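The values are calculated or read from the model by the stated rules, or taken from the named source; none is laboratory data. Remember, it's a predicted structure, so these values are computed and weren't measured experimentally. Here the Cβ positions follow ideal geometry from the backbone for every residue, glycine too, while neighbour counts run over all protein chains shown.
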Amino acid sequence: MIAGKLVSLTGLIPEDHPHLFRWANDVDAARLNGPYRPTDWSSHKDWCENVGRDNSKVVFAIRRTDTSGIIGYLQIVNIHGVNRSADIGLRIGDAKDRGRGFGSEALRLAVEYCWNDLNLQRLALAVFDGNGPALAIYQAAGFTREGVLRRAVYTGGRFVDVIVMAKLREES
């Protein structure tokens, strides 16, 4: 477990699976990451049971320090040992838990984990233009805008730009 003041990052447990399933099927939240596709329980269960077997990713549950239930998740994916790079992203599941600093602290803890435990030197992410809360969190954490993929994704009946951001270890 990696603990902060507001949240801790832990491994996923079976009790987390229904929450992750519900969040995966939240149309509005899903459209902040890509085109919405409903997830069936069988595929979701397989993903949950096999996520730890893939050395190119680490998935953390985000938990408030004052409760044990999951409030979100954070993924470090496309971990590349030679390039010492990865992609990172997070989601706070329920709207009532957003805007309270949980995502910001989870991101800070995960970035430290990437530098100190995975020995990475570069973290990248992609965020949809118009997702102001996510952009604010990533900018506050020191991620730099590297470019824009114009009209790169079709979701919710429209094309959206994708902003590419990254942070280098020496910038921390």
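Out of all the residues in segment 107-134, which are assigned to a helix (DSSP H, G or I) and modelled with pLDDT of 95 or more? Walk me through it before giving the result.
Here is the first cut: in segment 107-134, the ones assigned to a helix (DSSP H, G or I) are 107-116, 132-134.
Across segment 107-134, the qualifying residues are L107, R108, L109, A110, V111, E112, Y113, C114, W115, N116.
Filter segment 1-25 for residues that are among the charged types (D, E, K, R) and surrounded by fewer than 16 Cβ atoms within 10 Å (Cβ to Cβ) and give the result. Working first, answer last.
Just the residues of segment 1-25 that are among the charged types (D, E, K, R), to begin with: 5, 15-16, 22.
Those that are among the charged types (D, E, K, R) and surrounded by fewer than 16 Cβ atoms within 10 Å (Cβ to Cβ): K5, E15, R22.
Does L109 satisfy the condition of being closer than 26 Å to I13 by Cα, in contact (Cβ under 8 Å) with a residue 60 or more places away in the chain, touching a Ser or Thr at 6+ places or on another chain (Cβ under 9 Å) and surrounded by 13 or more Cβ atoms within 10 Å (Cβ to Cβ)? Walk me through how you get there before you give the answer.
Details: closer than 26 Å to I13 by Cα: yes; in contact (Cβ under 8 Å) with a residue 60 or more places away in the chain: yes; touching a Ser or Thr at 6+ places or on another chain (Cβ under 9 Å): yes; surrounded by 13 or more Cβ atoms within 10 Å (Cβ to Cβ): yes.
Criteria met by L109.
I want to confirm something. Restricting to segment 30-68 and keeping residues that are of a type in the set (S, T, Y) and modelled with pLDDT of 85 or more, which single residue is nearest to I13 (Cα to Cα)?
Per the criteria, the residue is T67.
List pairs: first residue in segment 84-106 and in contact (Cβ under 8 Å) with a residue 12 or more places away in the chain and part of a loop (DSSP other than H, G, I, E, B), second residue surrounded by fewer than 19 Cβ atoms within 10 Å (Cβ to Cβ) and small (G, A, S) anywhere in the structure, Cβ distance under 8 angstrom, at least six positions apart or on different chains.
G93/A29
Could you check segment 144-172 and list, in sequence order, the residues that are free of Cβ contacts under 8 Å to residues at least 24 places away in the same chain and part of a loop (DSSP other than H, G, I, E, B)?
If the condition is that a residue be free of Cβ contacts under 8 Å to residues at least 24 places away in the same chain and part of a loop (DSSP other than H, G, I, E, B), then G157 is the only one that fits.
May I ask you to list the residues in segment 80-135 that are in contact with a Phe, Trp or Tyr (Cβ under 7 Å, 6 or more places away or on another chain) and of a type in the set (V, I, T)?
I92, V127
Within segment 45-83, can you find the residues that are surrounded by fewer than 17 Cβ atoms within 10 Å (Cβ to Cβ) and assigned to a helix (DSSP H, G or I)?
Within segment 45-83, K45, D46, W47, E49, N50, V51, G52, R53 qualify.
Would a scan of segment 148-156 turn up a residue that is of a type outside the set (A, V, I, L, M), at negative phi, exposed (fewer than 13 other Cβ atoms within 10 Å of the Cβ) and modelled with pLDDT of 95 or more? Give the steps one after another, and end with the answer.
Kept after step one, since they are of a type outside the set (A, V, I, L, M), are these residues of segment 148-156: 150-151, 154-156.
Right, trim to at negative phi and you get 150, 154-155.
Filter once more, so that each one left must be exposed (fewer than 13 other Cβ atoms within 10 Å of the Cβ): 150, 154.
Subsequent filtering for residues that are modelled with pLDDT of 95 or more retains 150.
The answer is yes, given that some residue of segment 148-156 is of a type outside the set (A, V, I, L, M), at negative phi, exposed (fewer than 13 other Cβ atoms within 10 Å of the Cβ) and modelled with pLDDT of 95 or more.
Could you say whether any residue in segment 63-71 is touching a helix residue (DSSP H, G or I) at 6+ places or on another chain (Cβ under 6 Å) and within 23 Å of L20 (Cα to Cα)? Before the answer, list the steps.
So the first thing to find is which residues in segment 63-71 are touching a helix residue (DSSP H, G or I) at 6+ places or on another chain (Cβ under 6 Å), and the list is 70-71.
Next, from what is left, pick out any that are within 23 Å of L20 (Cα to Cα): 70-71.
Checking segment 63-71: at least one residue is touching a helix residue (DSSP H, G or I) at 6+ places or on another chain (Cβ under 6 Å) and within 23 Å of L20 (Cα to Cα).
Can you name the residue in segment 122-144 that is exposed (fewer than 13 other Cβ atoms within 10 Å of the Cβ) and more than 16 Å from the chain's Cα centre (by Cα) and is also nearest to G89 (Cα to Cα) among such residues?
Among residues in segment 122-144 that are exposed (fewer than 13 other Cβ atoms within 10 Å of the Cβ) and more than 16 Å from the chain's Cα centre (by Cα), the one nearest to G89 (Cα to Cα) is T144.
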